[in-house]
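This is the structure I want to talk about, given as structure tokens.
The values are calculated or read from the model by the stated rules, or taken from the named source; none is laboratory data. Treat the numbers as computed from the prediction; the structure is a model and nothing was measured. FYI the Cβ positions are ideal-geometry reconstructions off the backbone, even for glycines, and counts take in every protein chain you see.
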Amino acid sequence: MSVIRVVSYNIHKGRSAMGSRESLAELRLGLYNLGPDLAFLQEVQGRNQSRSSLHAQHESLGAVLCMEAAYGCNAVRDHTDHGNALLSRFPILKHENQDISDHKMEQRGILHAVVEINNTPVHCLVVHLGLFAGGRSRQVAALVERIKRLVPDDEPVLVAGDFNDWNNRLAPLFVQQLGLYEVFAIAPQNGEPGNLRGSVARWRNSLRPFPKPLPLAQQVHQLGINGAARLIPPPRTFPAAFPWLRLDRIYQRGFAVRSARVLHGSPWKQLSDHAPLVAELELP
């Protein structure tokens, strides 16, 4: 059994929430204090030819945290580029970046890495979806197709990032097509046990058919302990100083969820425009 700490964080290219100052040094310290085993990062600058202090952010963060790093470049500018990154305390066996850009104004990608945890391959997908609903639907279709094609049903999966899904319409699709559950929907509460057997039982019970079809955005709220409704939407993560929109997610398959939380307040509200998510997961 392995217990791992997973962080998902849009780091805003190493700049403060308002973009007025560099925050990468403080962000390094914040992540170091969190002690993640896996960090799913979005808006990471791989290249910055204007400011060396913001260059190769995945490498500088990985070095401080003593973690391996994989980077997927999505948006290329004259002097900079940025994309998604995965930092891992475990060996990264392989990684690939898939372009899922829906139009020229937004360059988006899926960074798919396979890490090895106690001889078990774990598929980690870092995503940052578009701002428009139609584009997000097509990007999610590409994500679903990739997982179905490349990830065996019996191998654990983590999908995390900035989904720009403020209406929470994507979770039912992930449940129905991939068996992926958002960590806050099944995290133990009020003393519930966090072991794998309990999580599997909840997972099976949640698959009971609904008495009648529900709108897609409502079906996710029917997933909960013993099949009962748990009216807990994902947390508000944007903007970090005054969180209002529910943009960030961690989805998982094959783990027990021990805990899940969003980090509000200082120092996080000064480091980026998003608040980070942290989950403790148990791999049998």
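Would you please name the residue that is farthest from VAL257 (Cα to Cα), looking only at residues in region 160-174 that are modelled with pLDDT of 85 or more and either of a type in the set (A, V, I, L, M) or under 12 Å from the mean Cα position of the chain (by Cα) (or both)?
So in region 160-174, the residues modelled with pLDDT of 85 or more come out as 160-166, 174.
This time we only want the ones that are either of a type in the set (A, V, I, L, M) or under 12 Å from the mean Cα position of the chain (by Cα) (or both), so: 160-164.
Numbers: ALA160: 14, GLY161: 17, ASP162: 20, PHE163: 20, ASN164: 23 Å.
The extreme case among them is ASN164.
Can you spot a residue in region 30-40 that is surrounded by fewer than 17 Cβ atoms within 10 Å (Cβ to Cβ), acidic (Asp, Glu) and out of contact with any Gly (no Cβ under 8 Å at 6 or more places or on another chain)?
No, region 30-40 has no match at all.
Exactly one of (1) in contact with an Asp or Glu (Cβ under 9 Å, 6 or more places away or on another chain); (2) crowded, with 20+ Cβ neighbours inside 10 Å; (3) modelled with pLDDT of 90 or more is unmet by ASN74. Its number?
That leaves (3) as the condition not met.
Residues to consider are LEU196, LEU231, LEU216, LEU207; find the one that is at pLDDT below 80, in contact with a Lys or Arg (Cβ under 6 Å, 6 or more places away or on another chain) and either surrounded by fewer than 21 Cβ atoms within 10 Å (Cβ to Cβ) or over 21 Å from PRO156 (Cα atoms) (or both). Give the steps one after another, and end with the answer.
Working: LEU196 fails: in contact with a Lys or Arg (Cβ under 6 Å, 6 or more places away or on another chain); LEU231 fails: in contact with a Lys or Arg (Cβ under 6 Å, 6 or more places away or on another chain); LEU207 fails: in contact with a Lys or Arg (Cβ under 6 Å, 6 or more places away or on another chain).
Only one candidate qualifies: LEU216.
Taking LEU38, is it in contact with a helix residue (DSSP H, G or I) (Cβ under 9 Å, 6 or more places away or on another chain) and not β-branched (Val, Ile, Thr)? Step through it out loud before you land on a result.
Numbers: in contact with a helix residue (DSSP H, G or I) (Cβ under 9 Å, 6 or more places away or on another chain): no; not β-branched (Val, Ile, Thr): yes.
The answer is no for LEU38.
Pull up region 115-136, narrow it to residues that are aliphatic (A, V, I, L, M) and in contact with a helix residue (DSSP H, G or I) (Cβ under 9 Å, 6 or more places away or on another chain), then point me to the one that is farthest from LEU93 (Cα to Cα). Before you say what the answer is, go through the steps one by one.
Of all residues in region 115-136, those aliphatic (A, V, I, L, M) come to 115, 117, 122, 125-127, 129, 131, 133.
Checking which are in contact with a helix residue (DSSP H, G or I) (Cβ under 9 Å, 6 or more places away or on another chain) leaves us with 125, 127, 129.
Details: LEU125: 14, VAL127: 19, LEU129: 25 Å.
Looking at the filtered set, the residue picked out is LEU129.
Assess whether VAL3 counts as being in contact with a Leu (Cβ under 9 Å, 6 or more places away or on another chain), assigned to a strand (DSSP E or B) and surrounded by fewer than 19 Cβ atoms within 10 Å (Cβ to Cβ).
Working: in contact with a Leu (Cβ under 9 Å, 6 or more places away or on another chain): yes; assigned to a strand (DSSP E or B): yes; surrounded by fewer than 19 Cβ atoms within 10 Å (Cβ to Cβ): yes.
Judged against the criteria, VAL3 is a match.
Inspect region 128-149 for any residue being farther than 17 Å from ASP248 by Cβ, without any contact (Cβ under 8 Å) to a residue 12 or more places away in the chain, surrounded by fewer than 14 Cβ atoms within 10 Å (Cβ to Cβ) and of a type in the set (Asp, Glu) and give the result as yes or no.
Within region 128-149, one or more residues are farther than 17 Å from ASP248 by Cβ, without any contact (Cβ under 8 Å) to a residue 12 or more places away in the chain, surrounded by fewer than 14 Cβ atoms within 10 Å (Cβ to Cβ) and of a type in the set (Asp, Glu).
List every residue pair whose Cβ atoms sit under 7 Å apart, with the two residues 6 or more apart in sequence or on different chains, where the first one lies in region 81-94 and is closer than 15 Å to VAL114 by Cβ and without any contact (Cβ under 8 Å) to a residue 12 or more places away in the chain and the second, anywhere, is small (Gly, Ala, Ser) and buried (at least 24 other Cβ atoms within 10 Å of the Cβ).
none
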